[in-house]
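The values are calculated or read from the model by the stated rules, or taken from the named source; none is laboratory data. Quantities reported herein were computed from a predicted structural model and do not represent experimental measurements. Note: ideal-geometry Cβ built from the backbone for every residue, glycine included; neighbour counts use all protein chains shown. Heads up: the accessible areas ignore ligands, DNA and RNA and are worked out on the full protein's heavy atoms, side chains in. Shrake-Rupley method; radii C 1.70, N 1.55, O 1.52, S 1.80 Å.
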Amino acid sequence: MEDFWGAKVAILFEDKLLVYLRDDFPTIPFPNHWDFAGGGREGDELPFETVQRETFEEFGIKLYPEQVVFEREYSSPPDDRRVWFFLARLPIDAKRDIVFGDEGQEWRLMTFHEYCAHPQRVPHLANRLKEAIKYERG
């Protein structure tokens, strides 16, 4: 596996996306913006292993490969690092297992349209989400 920096996953519980409001620190990318689970690679992790670990750390949810319906490598702003983006579907009752970690200010469920239109969304993630949904729908 070639080097990559990290991975993000948009998790859908039926028609609702799991998102969290990033901390409002000027030292992080996209402070105070709505984001998806994910983050930087640790050690020799594969892309899915990165989002699996990050999803568990951030939300207490165990993600399984069969829940992934889309995956693609991208070049990510602001410095064009190689990253992976996944779309996963979980059953609606899995949302009761959410235990919010210590990163971010709050979490919520948003529709696809709410997220994509939100002024505080991470812009490139909204574009990747649109591409993933379009791909999934065929």
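Per-structure values
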{"quantity": "Lysine pairs with alpha-carbon atoms under 19 Å apart, the chain, spacing 8 or more or separate chains", "calculated": "10"}
{"quantity": "Over the chain, volume per residue of the alpha carbon convex hull, in Å³", "calculated": "111"}
{"quantity": "Dipole of the chain, positive direction: furthest Cα of Trp34, Gln105, Leu129, with charges on the beta-carbon", "calculated": "Leu129"}
{"quantity": "Extension reserve of the Phe25-Ile92 stretch, reckoned as 0.36 nm per residue once the Cα distance is removed", "calculated": "20.9 nm"}
{"quantity": "Accessible heavy-atom area order of Glu58, Glu114, highest first, probe of 1.4 Å", "calculated": "Glu114, Glu58"}
{"quantity": "Accessible carbon and sulfur surface of the chain relative to its total accessible area, %, 1.4 Å", "calculated": "51"}
{"quantity": "Kirkwood hydrodynamic radius over Cα pairs of region 31-91, then Stokes diffusion coefficient at 20 °C and 1.002 mPa s, in µm²/s", "calculated": "172"}
{"quantity": "Net charge, Leu129 excluded, C-beta distance under 11 Å - Lys, Arg +1, Asp, Glu -1", "calculated": "+3"}
{"quantity": "With DNA, RNA and ligands ignored, accessible area of Phe25 (1.4 Å probe; Å², nearest 10)", "calculated": "110"}
{"quantity": "Whole-percent pair-distance distribution, where bins are 10 Å wide, for the alpha carbons of region 95-138", "calculated": "23, 42, 32, 3"}
{"quantity": "In Å², nearest 10: area of Tyr20 left accessible to a 1.4 Å probe", "calculated": "10"}
{"quantity": "Counted charge near Lys95, where neighbours are those whose Cβ lies closer than 10 Å (Asp, Glu -1; Lys, Arg +1)", "calculated": "-1"}
{"quantity": "Summed side-chain charge close to Phe112 - residues other than Phe112 whose Cβ falls under 13 Å, Lys, Arg +1, Asp, Glu -1", "calculated": "+2"}
{"quantity": "Distance cut-off 21 Å, percentage of C-alpha pairs in region 1-62 lying past it", "calculated": "27"}
